[in-house]
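Q: The structure that follows is given in the form of structure tokens.
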Amino acid sequence: MSASAPPAVGGLYDVGPDLDARLPDCPPEQAWGRRRDEYRLVNPANRRKLTVIVVGAGLAGSGAAATLGRLGYRVECFSLHDAPRRAHSVAAQGGINAARARKVDGDSLARFVKDTVKGGDYRGREADVVRLGLESGRVIDHMEAIGAPFAREYGGQLATRSFGGVQVSRTYYTRGQTGQQLEIACAQALQEQIAAGSVHMHTRTEMLDLIVADSRAQGIVARDLLTGEISAHTAHAVVLATGGYGSVYHYSTLAMASNATATWRAHRRGAAFASACMVQFHPTALPVSSHWQSKTTLMSESLRNDGRIWVPVRPGDDRPPNDIPEDERDYYLERKYPAFGNLTPRDVASRNAREQIESGRGVGPLHNSVYLDFRDALERLGKPTIASRYGNLFEMYLDATGEDPYEVPMRIAPGAHFTMGGLWVDFDQMSTIPGLFVGGEASNNYHGANRLGANSLLSASVDGWFVLPLAVPNYLAGLVGSRPLSPDAPQALAAVADTRERIEALAGVGGTRRPVWFHRRLGEVLYAGCGVSRSEAGLRRALEEVRALREEFWADVKVVGGRERLNQELEKALRVADFLELAEVMILDALDRRESAGAHFREEYATPAGEAKRNDALWCSVSAWQTAPDGAHTRRSEPLGFSMVPMQVRDYR
């Protein structure tokens, strides 16, 4: 199905031409095989003459850098962390999906594609999802080969468990620290190439701009976080693997250093930003306990395999949870969605938790959470079994709250977590700027309007190890014999000058409020107006508030310390300045998309049962935004079609 471009919401932005994903002219199940056969190759003797910049060292970045380095290309890898293994991929806990169908439970590639496309509410590209499933088995074999210690059954075969939105067991895991173990394995592979001299690693270095020359990406501007030195780095191609933008909400499950500057600066240089409003709120985050806390904490979705979610039947019931009898508990997910129960997709679980909290049945000191209870699982399986599955997660919860989940239920609440949106990419993971490739959560193409649990580690790994190492050389084949742009070229010097000017402007404001004050206030505006649910009135109010806050930021931000030294206040100010621009596009995207789909829930577009109501006639497409130098926005569309998974109303009952 192709959607014609819907009209704009009057006066707020323009509508531009459709985008072409450059898919092979064949059924989606054949697209990846055909495209791999079509890719051009580079002679090994020519590879060492070609340079690739990779920004980010998580699963996507380290995989791409290590593989391209092993293939013989010159790779310059940048990370704002002090070591690659500190990339935010370590924070993923529960597991990584693969359509290997090793259990006799009905799983298959077709079921994986159906679950993922349906889970994304038909707002992702079907051929990309097929590729994700096709490569998933190779990812597990590869990760095990490079050292990931996957859990095993008693007989020795790799163990799996279930995650939300599926009814099979396809999630491979290393207890509750899967992302950490995969990142360690990938960082070791990257270190091997660093030692071999094929990869040059730049740690504690942050990308602040993209260098575009001759209408293609040819380098980046980076700042050394220790010395403050700003420099241009050029290459034949640039790969961004810098993660998502969930930290725009201030209270998020992301690390404090996570930010959107790399992708947003690329956007301001011409790369389209897609599905900006598609933000996932994780249903098993810890609730905010203080206005002054800096972030929220994630508890793995895997806990929903054995934990049961409930609230008291009576609003305002402040009795200790163990004192509330069974007939006075509402296991609302099991009641409303008996087919999936507590393993409904994240958008459904979060929306229902929010409804319970706002109806007055929230629990805890601030009445802002629901219970996740392991009482029945402990009675059925015993403490040793539960500890073997979730022991480190239970310890983390005890450390964070002082409450023992073996004795009392956990308290959980929706928290900003994963962003399905990102820089728009075609089937080759290339953005609208030739030569700029994007992988992992920084791109938009797999997850549609809602990501299924355990597909994040998978998509990052597939991009880094199996897609980018083929797609980037295909582009480089056309540049054999050319030299990288000189760091002294006018375009590179202009980008460096722009970055210095932005820093001087921030440092020169001389206001009264620290950057974190504006970040916290922005989060409050976004949670209220562009959070778990949205409305036209709320979005219009949020748009006005964000624009006013941005003006106040540039009039009253206070950046202390010097520019040519370690200065975390300056780092924060640069990131918040970009967040304030990004937030406007997020709100415009949500206001523009006049339907409910997945995590984008517009209150005006709901079924009588309160579920998301899509408008496939107008919105069966991906919206991608471009921002002109003067700040004017244009919405472009990529029409979507589905043949393997016929469109249907999502129903998890």
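The values are calculated or read from the model by the stated rules, or taken from the named source; none is laboratory data. Please read these numbers as outputs of a predicted model, since none were measured by experiment. Positions of Cβ are generated from backbone atoms using ideal geometry, with glycine treated the same way; all protein chains shown enter the neighbour counts. In case anyone asks, the SASA skips ligands and DNA or RNA and just uses the protein heavy atoms, side chains included. Shrake-Rupley method; radii C 1.70, N 1.55, O 1.52, S 1.80 Å.
Q: Can you tell me which residue in the range 613-624 is farthest from Gly421 (Cα to Cα), limited to those that are hydrophobic (A, V, I, L, M, F, W, C) and out of contact with any strand residue (DSSP E or B) (no Cβ under 6 Å at 6 or more places or on another chain)?
A: Taking the range 613-624 first, the residues hydrophobic (A, V, I, L, M, F, W, C) are 617-620, 622, 624.
Subsequent filtering for residues that are out of contact with any strand residue (DSSP E or B) (no Cβ under 6 Å at 6 or more places or on another chain) retains 617-620.
Working: Ala617: 22, Leu618: 19, Trp619: 16, Cys620: 16 Å.
Step by step, filter the range 613-624, then rank; the result is Ala617.
Okay, residues lined up against (1) at pLDDT 95 or above; (2) within 30 Å of Ala45 (Cβ to Cβ); (3) touching a helix residue (DSSP H, G or I) at 6+ places or on another chain (Cβ under 8 Å):
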residue	(1), (2), (3)
Glu153	no, no, no
Arg161	no, no, yes
Thr171	yes, no, yes
Arg175	no, no, yes
Glu183	yes, no, yes
Gln191	yes, yes, yes
Thr203	yes, no, yes
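Q: Run Val75 past the list (1) open to solvent by 20 Å² or more (accessible area, probe 1.4 Å); (2) in contact with a His (Cβ under 9 Å, 6 or more places away or on another chain); (3) of a type outside the set (Asp, Glu) and report the number of the one that doesn't hold.
A: (1)
Q: One residue is enough: does the range 366-383 have a residue meeting the conditions open to solvent by 10 Å² or more (accessible area, probe 1.4 Å), touching a strand residue (DSSP E or B) at 6+ places or on another chain (Cβ under 9 Å), in a loop (DSSP other than H, G, I, E, B) and within 30 Å of Leu526 (Cβ to Cβ)?
A: First pass over the range 366-383, keeping only residues open to solvent by 10 Å² or more (accessible area, probe 1.4 Å): 366-368, 371, 373, 375-376, 378-383.
From the residues that got through so far, the ones that are touching a strand residue (DSSP E or B) at 6+ places or on another chain (Cβ under 9 Å) too are 368, 371, 373, 375-376.
Subset that is in a loop (DSSP other than H, G, I, E, B): 368.
Retained after the next criterion (residues that are within 30 Å of Leu526 (Cβ to Cβ)): 368.
Scanning the range 366-383, I find at least one residue that is open to solvent by 10 Å² or more (accessible area, probe 1.4 Å), touching a strand residue (DSSP E or B) at 6+ places or on another chain (Cβ under 9 Å), in a loop (DSSP other than H, G, I, E, B) and within 30 Å of Leu526 (Cβ to Cβ), so the answer is yes.
Q: Further question: Going by the structure shown, is Arg161 of a type in the set (Lys, Arg), open to solvent by 10 Å² or more (accessible area, probe 1.4 Å) and over 24 Å from Trp32 (Cβ atoms)? Walk me through it before giving the result.
A: Values: of a type in the set (Lys, Arg): yes; open to solvent by 10 Å² or more (accessible area, probe 1.4 Å): yes; over 24 Å from Trp32 (Cβ atoms): yes.
Answer is yes for this residue.
Q: Looking at the range 124-151 only, could you name the residues that are open to solvent by less than 30 Å² (accessible area, probe 1.4 Å), out of contact with any helix residue (DSSP H, G or I) (no Cβ under 7 Å at 6 or more places or on another chain) and not charged (D, E, K, R)? Before you say what the answer is, go through the steps one by one.
A: As a first pass, look at the range 124-151 and keep what is open to solvent by less than 30 Å² (accessible area, probe 1.4 Å): 124-133, 135-137, 139-140, 143, 148, 150-151.
Now drop any that are not out of contact with any helix residue (DSSP H, G or I) (no Cβ under 7 Å at 6 or more places or on another chain), which leaves 125, 128, 137, 140, 151.
Answer for the range 124-151, where residues must be open to solvent by less than 30 Å² (accessible area, probe 1.4 Å), out of contact with any helix residue (DSSP H, G or I) (no Cβ under 7 Å at 6 or more places or on another chain) and not charged (D, E, K, R): Gly137, Ile140, Ala151.
Q: Give the range 8-32 a look and list any residue that's in contact (Cβ under 8 Å) with a residue 40 or more places away in the chain and not in a loop (DSSP other than H, G, I, E, B), or say none. Talk me through it step by step, then tell me what you get.
A: Step one: filter the range 8-32 for residues in contact (Cβ under 8 Å) with a residue 40 or more places away in the chain, giving 8-9, 12-24, 27-29, 31-32.
Passing the criteria: Asp14, Val15, Pro28, Glu29, Ala31, Trp32.
Q: Please determine, by comparing only the residues of the range 78-94 that are outside any loop (DSSP other than H, G, I, E, B) and of a type outside the set (Ser, Thr, Tyr), which one is most open to solvent (accessible area, probe 1.4 Å). Let's see the steps before the verdict.
A: First, pick out the residues of the range 78-94 that are outside any loop (DSSP other than H, G, I, E, B): 78, 84-86, 88-91.
From what is left, the residues that are of a type outside the set (Ser, Thr, Tyr) are 78, 84-86, 88, 90-91.
Details: Phe78: 4, Pro84: 5, Arg85: 122, Arg86: 146, His88: 65, Val90: 47, Ala91: 34 Å².
The qualifying residue most open to solvent (accessible area, probe 1.4 Å) is Arg86.
Q: Only residues that are open to solvent by 70 Å² or more (accessible area, probe 1.4 Å) and among the charged types (D, E, K, R): list them for the range 554-571, please.
A: If the condition is that a residue be open to solvent by 70 Å² or more (accessible area, probe 1.4 Å) and among the charged types (D, E, K, R), then Lys558, Arg563, Glu564, Arg565 are the ones that fit.
Q: Quick check: is even one residue across the range 545-553 in contact with a helix residue (DSSP H, G or I) (Cβ under 7 Å, 6 or more places away or on another chain), without any contact (Cβ under 8 Å) to a residue 40 or more places away in the chain and open to solvent by 60 Å² or more (accessible area, probe 1.4 Å)? Please lay out each step first, then the result.
A: As a first pass, look at the range 545-553 and keep what is in contact with a helix residue (DSSP H, G or I) (Cβ under 7 Å, 6 or more places away or on another chain): 545-547, 549-550, 553.
Keeping just the survivors that are without any contact (Cβ under 8 Å) to a residue 40 or more places away in the chain gives 545, 547, 549-550, 553.
Now narrow it down to the ones that are open to solvent by 60 Å² or more (accessible area, probe 1.4 Å): 545, 547.
Yes - at least one qualifying residue is present in the range 545-553.
Q: For the list (1) more than 25 Å from Ser350 (Cβ to Cβ); (2) in contact (Cβ under 8 Å) with a residue 40 or more places away in the chain; (3) of a type outside the set (Asp, Glu), I need the number of the one condition that Val585 fails.
A: Just one mismatch for Val585, condition (1).
Q: Quick one: in the range 495-524, of everything that is of a type in the set (Lys, Arg) and within 27 Å of His233 (Cβ to Cβ), which residue is surrounded by the most Cβ atoms within 10 Å (Cβ to Cβ)? Even if it seems obvious, please write down each step before you answer.
A: If we filter the range 495-524 for residues that are of a type in the set (Lys, Arg), which is where we start, we get 500, 502, 513-514, 520-521.
Restricting the remaining residues to those that are within 27 Å of His233 (Cβ to Cβ) gives 500, 502.
Numbers: Arg500: 15, Arg502: 17.
By that ranking, first place goes to Arg502.
Q: Which condition does Leu71 not pass, out of (1) more than 23 Å from the chain's Cα centre (by Cα); (2) under 16 Å from Ala262 (Cβ atoms), if it passes all the others?
A: (2)
Q: Given the condition within 28 Å of Pro312 (Cβ to Cβ), part of a loop (DSSP other than H, G, I, E, B) and in contact (Cβ under 8 Å) with a residue 60 or more places away in the chain, answer yes or no: does some residue in the range 425-438 qualify?
A: First pass over the range 425-438, keeping only residues within 28 Å of Pro312 (Cβ to Cβ): none.
No, because not a single residue in the range 425-438 is within 28 Å of Pro312 (Cβ to Cβ), part of a loop (DSSP other than H, G, I, E, B) and in contact (Cβ under 8 Å) with a residue 60 or more places away in the chain.
Q: Right, something else. Within the range 634-648, can you find the residues that are of a type outside the set (Lys, Arg) and in contact with a Leu (Cβ under 6 Å, 6 or more places away or on another chain)? Before the answer, list the steps.
A: Keep residues of the range 634-648 that are of a type outside the set (Lys, Arg), which gives 634, 637-648.
Once the filter is applied, which keeps residues that are of a type outside the set (Lys, Arg) and in contact with a Leu (Cβ under 6 Å, 6 or more places away or on another chain), the range 634-648 yields only Glu638.
Q: Something else: Taking interchain pairs and intrachain pairs at least six residues apart, which have beta carbon atoms under 7 angstrom, with the first residue in the range 457-477 and within 16 Å of Val75 (Cβ to Cβ) and the second of a type in the set (Lys, Arg)?
A: Leu470/Arg36
Q: crowded, with 23+ Cβ neighbours inside 10 Å, in contact (Cβ under 8 Å) with a residue 24 or more places away in the chain, in contact with a strand residue (DSSP E or B) (Cβ under 7 Å, 6 or more places away or on another chain) and of a type in the set (Phe, Trp, Tyr) - does that describe any residue in the range 98-114?
A: no
Q: Still on this structure: If you go through the range 476-494 one residue at a time, do you hit one that is within 29 Å of the chain's Cα centre (by Cα), open to solvent by less than 50 Å² (accessible area, probe 1.4 Å) and more than 28 Å from Leu574 (Cα to Cα)? Even if it seems obvious, please write down each step before you answer.
A: Of all residues in the range 476-494, those within 29 Å of the chain's Cα centre (by Cα) come to 476.
Among the residues that remain, those that are also open to solvent by less than 50 Å² (accessible area, probe 1.4 Å) are: 476.
From what's left, more than 28 Å from Leu574 (Cα to Cα): 476.
Yes, the range 476-494 contains a residue that is within 29 Å of the chain's Cα centre (by Cα), open to solvent by less than 50 Å² (accessible area, probe 1.4 Å) and more than 28 Å from Leu574 (Cα to Cα).
Q: If you go through the range 525-544 one residue at a time, how many are buried (at least 16 other Cβ atoms within 10 Å of the Cβ) and either among the acidic types (Asp, Glu) or free of Cβ contacts under 8 Å to residues at least 12 places away in the same chain (or both)?
A: Selection size over the range 525-544: 1.
Q: Another question about this same structure. Look through the range 30-66, keep the residues that are more than 21 Å from Ser443 (Cβ to Cβ) and of a type in the set (A, V, I, L, M), and return whichever of them is most open to solvent (accessible area, probe 1.4 Å).
A: Leu41
Q: Can we say Pro287 is open to solvent by less than 10 Å² (accessible area, probe 1.4 Å), modelled with pLDDT of 95 or more and at negative phi?
A: Working: open to solvent by less than 10 Å² (accessible area, probe 1.4 Å): no; modelled with pLDDT of 95 or more: yes; at negative phi: yes.
No.
Q: Applying the selection to the range 190-229, what residues are open to solvent by less than 20 Å² (accessible area, probe 1.4 Å) and among the aliphatic types (A, V, I, L, M)?
A: If the condition is that a residue be open to solvent by less than 20 Å² (accessible area, probe 1.4 Å) and among the aliphatic types (A, V, I, L, M), then Leu190, Val199, Met207, Leu208, Leu210, Ile211, Ala213, Ala217, Ile220, Val221, Ala222, Leu225 are the ones that fit.
Q: If I filter the range 634-653 down to residues being surrounded by fewer than 19 Cβ atoms within 10 Å (Cβ to Cβ) and not hydrophobic (A, V, I, L, M, F, W, C), which single residue comes out as farthest from His267 (Cα to Cα)?
A: Arg653
Q: Glu326 passes all but one of (1) touching a residue at least 24 places away in the same chain (Cβ under 8 Å); (2) open to solvent by 30 Å² or more (accessible area, probe 1.4 Å); which number fails?
A: Every listed condition holds for Glu326 apart from (1).
Q: Within the group Ala232, Ala257, which residue is of a type outside the set (Asp, Glu), modelled with pLDDT of 95 or more and crowded, with 23+ Cβ neighbours inside 10 Å? Steps first, please.
A: Values: Ala257 fails: crowded, with 23+ Cβ neighbours inside 10 Å.
Sole residue among the options that is of a type outside the set (Asp, Glu), modelled with pLDDT of 95 or more and crowded, with 23+ Cβ neighbours inside 10 Å: Ala232.
Q: Separate question: What are the pairs with Cβ atoms under 8 angstrom where one residue, in the range 248-265, is touching a residue at least 60 places away in the same chain (Cβ under 8 Å) and part of a helix (DSSP H, G or I) and the other, located anywhere, is of a type in the set (Lys, Arg) and open to solvent by 10 Å² or more (accessible area, probe 1.4 Å)? Sequence gap at least six, or different chains.
A: Short answer, once both residue conditions are applied: Thr261/Arg575.
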